Each structure stands twice: as C-alpha cells, then as structure tokens.
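Shown next, in structure tokens, is the structure this report addresses.
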Amino acid sequence: MTAWQHARRKHANLRLIRDRHPPFRRAVAADVATALRCRGEGQGSGRPLDTVLEALRLMWTSDAFAALVAYRARAALQRRGVPVLPRLLHHVSMTLAQVCIGDPVLIHPGVYVPHGQIVVDGFTEVRSQSRLLPWTTLGLKEGNLIGPTIGEGVVIGTGARVLGPVHVGDGARVGANAVVVRDVPSGAVAVGVPAVVRSSSPAG
Ligand SMILES: CC(C)(COP(=O)(O)OP(=O)(O)OC[C@H]1O[C@@H](n2cnc3c(N)ncnc32)[C@H](O)[C@@H]1OP(=O)(O)O)[C@@H](O)C(=O)NCCC(=O)NCCS
C-alpha cells in the first residue's frame, strides 16, 4: 500500500469513528452519573437542571472532569465536522489535567477519569462505566494502529499500560503499574509486567 492509500484509509476510518462519537449532552450526563457513583456521591436525580449543576460543580472541583468535558465537546464538534475548535479543546484538556486522547479513540458515555494524566491513542475503544486512574496509557504497539478495547466497568489502575489490539473484558481490573499485552477475561484481575491474570470471578 502506498503512503497516499494508507493516509486515505486512515482518514476513512477516522470518519467512521467520528460518526460514532456520542452527542455532547448525553455523554456529559452519563459522565456525571458515573463520577457521582464512583465518588460515592449518590446517583444524581437525572433531571436536566440538576445534571448541569452537578457537571459545573464537578468541573470546578476536579480538573480531570473539566478536561473530560472539554474532550466531550471536542468529540461532538468532530462528529459535526467543525474544524479548528476541536484542536483548541484538545489543548484545553491537556492544560487542565493532561488528558491526551487521540482522534481515532472512541470513549463511550459514562467514563470516570479521577485525576487526569492519561494517554489514550490509536483505534482504541473504552466502554461505559470504566475508570482510568492516573498515569495510565492505552495505546499502540509499533507497526499497528489498532489499540485496546476496554470493556464495560473496567478499572485501569494507576500507572498501568494496555498496549496493542488486546481486549480487556467487562468488569476486569488491571493492577497498578501492570503492562497488559494479552487479552484479559471478563471479571479478571491482571497484574505485573507483562501482566498475568491472577484471579477471575466465576461470572467472568
Ligand atoms: C490489582 C488490584 C485491583 C487487586 O486488588 P485486590 O483484588 O484487592 O487484591 P489484593 O490487594 O488482595 O492483592 C492480591 C494479590 O495481588 C498482589 N497485587 C495487588 N496489586 C498488585 C499490583 N498492582 N501489582 C502486582 N501485584 C499486585 C498482592 O500483593 C497480592 O499478592 P499475594 O496474593 O501474593 O499476597 C489492586 O491491587 C490495584 O492495583 N488497584 C489499582 C489501585 C490504583 O490504581 N489506585 C490509584 C488511585 S489514584
């Protein structure tokens, strides 16, 4: 494949991802609900005005939440094909809390990033209810643009790296500082370098 064909294919794939970005309000409402649950602050009433007020409170008290909202705005603008502004919003996310999320990434609504300092890149997907603790990297192995798929309700511990086209199953936990280069079954706990599965729930 020529460099031009490669670039065209990458562009086509990016368009597919952009079409899948969640709408801004739905994504932020789900992020608010997940943040409240993870912080032990209840469920939220779900009423639109309460959700807006909770979002503002979380943005004020948590740089990382503000950075995530900037990312949501960026993704929604990319979905609409708006130029320039998404790049500015990326700088806002980086400046506020070092939240570095690449263009090919798909983050489903309702993800919790408590402190920032995360890198997510490549064709990587993070499903709802997952938590990305600080200093985590979800990214690529050399020579492959496909990154990890993180299932629902996964916890990625601080300092962990999940690299390459691996699948981390629903409800799995990746330990602090683990380096995951193989699939992790649902409900499992993976620790170490390279990460090994230490335990798996019967449901998994
Ligand atoms: C991996 C993890 C999810 C396991 O939690 P847990 O199920 O409660 O497990 P335990 O703490 O009982 O530990 C079980 C075993 O795994 C080991 N272990 C736990 N975490 C580990 C890690 N990150 N790396 C290597 N080994 C680890 C323990 O030493 C213990 O080993 P042993 O059975 O030989 O004594 C948890 O330890 C972890 O790393 N969570 C991430 C927390 C985090 O990132 N916090 C940052 C907040 S900002």
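The values are calculated or read from the model by the stated rules, or taken from the named source; none is laboratory data. Predicted model only: the values in this text are computed from it and were never measured. Please note: Cβ atoms are built from the backbone with ideal geometry, for glycine as well, and neighbour counts cover all protein chains shown.
Could you please let me know if S199 is among the small types (G, A, S) and modelled with pLDDT under 95?
Taking the combined requirement at face value, the residue satisfies it.
For V184, indicate whether it is within 16 Å of the ligand (Cβ to nearest atom), under 14 Å from V120 (Cα atoms) and either without any contact (Cβ under 8 Å) to a residue 60 or more places away in the chain or touching a Lys or Arg at 6+ places or on another chain (Cβ under 9 Å) (or both). Against the criterion (within 16 Å of the ligand (Cβ to nearest atom), under 14 Å from V120 (Cα atoms) and either without any contact (Cβ under 8 Å) to a residue 60 or more places away in the chain or touching a Lys or Arg at 6+ places or on another chain (Cβ under 9 Å) (or both)), V184 does not qualify. Among the residues making up the range 1-35, a single one is under 14 Å from P109 (Cα atoms) and more than 16 Å from the chain's Cα centre (by Cα): R25. With respect to the conditions (1) touching a residue at least 24 places away in the same chain (Cβ under 8 Å); (2) within 20 Å of A55 (Cα to Cα), L77 falls short on a single one, namely (1). Being in a loop (DSSP other than H, G, I, E, B) and on the phi < 0 side of the Ramachandran plot: is that true of P194 here? Yes: the conditions hold for P194.
Residues in the range 131-153 that are touching an Asp or Glu at 6+ places or on another chain (Cβ under 7 Å) and outside any strand (DSSP E or B) were compared, and the one that is farthest from the ligand (Cβ to nearest atom) is L140. Scanning the range 154-173 for residues that are within 7 Å of the ligand (Cβ to nearest atom), within 16 Å of V119 (Cα to Cα) and in a strand (DSSP E or B) yields a single hit, V155. Checking the structure you have, find out if any residue of the range 95-111 is surrounded by fewer than 19 Cβ atoms within 10 Å (Cβ to Cβ), within 13 Å of the ligand (Cβ to nearest atom) and part of a loop (DSSP other than H, G, I, E, B). For the range 95-111, residues surrounded by fewer than 19 Cβ atoms within 10 Å (Cβ to Cβ), within 13 Å of the ligand (Cβ to nearest atom) and part of a loop (DSSP other than H, G, I, E, B): absent.
No other residue among R74, R25, R15 is surrounded by 21 or more Cβ atoms within 10 Å (Cβ to Cβ) and either of a type in the set (V, I, T) or under 19 Å from H90 (Cα atoms) (or both) apart from R74. Does V191 count as closer than 28 Å to A66 by Cα and of a type in the set (A, V, I, L, M, F, W, C)? No; evaluated as a whole, the condition is false for this residue. What about V166, is it under 27 Å from D63 (Cα atoms), buried (at least 18 other Cβ atoms within 10 Å of the Cβ) and touching a Pro at 6+ places or on another chain (Cβ under 7 Å)? Answer is no for this residue.
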